[in-house]
Amino acid sequence: MHLLLIETLALVGGTVHTMEPGAAPLAGATVLIEDGRIVAVGAVDVPVGAEVLDVAGLHVMPGLIDAAAGFDAEHDVLSLDSGVT
């Protein structure tokens, strides 16, 4: 699956952390992404034709990165092909 080609993506069933001060995580929520932008979070009806990704048991939050990632000279091409920059 190449996410750049998907127009509508629904992340379904995860625990969503909105990062709003004082807001509790939303268990079993859906995150709807259209044209690369989050357009809805929570109890969302998934549009027909959307790519659905089951994220049950996972945590979804905006802007989370793996700050401990590093490059290995032998694997730079593999990392870049996988979206690690």
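The values are calculated or read from the model by the stated rules, or taken from the named source; none is laboratory data. All of these numbers come straight from a predicted model, not from anything done at the bench. The accessibility values were calculated without ligands, DNA or RNA, using every heavy atom of the protein model including side chains. Shrake-Rupley method; radii C 1.70, N 1.55, O 1.52, S 1.80 Å.
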Would you pull out the residues with amide H under 5 Å of Val60's amide H, same chain only if 5 or more places away, H placed 1.01 Å from N? Thr15, Val16, His17
Would you mind working out the accessible area per residue for the range 1-60, using a 1.4 Å probe, and quoting it in Å²? 70
Once phi is turned into ³J(HN,Hα) by the Karplus curve 6.51 cos²θ - 1.76 cosθ + 1.60 with θ = phi - 60°, what whole-Hz value does each residue of the range 24-38 show in order, with x for glycine and proline? 7, x, 9, 6, x, 8, 10, 10, 9, 10, 10, 6, x, 10, 6
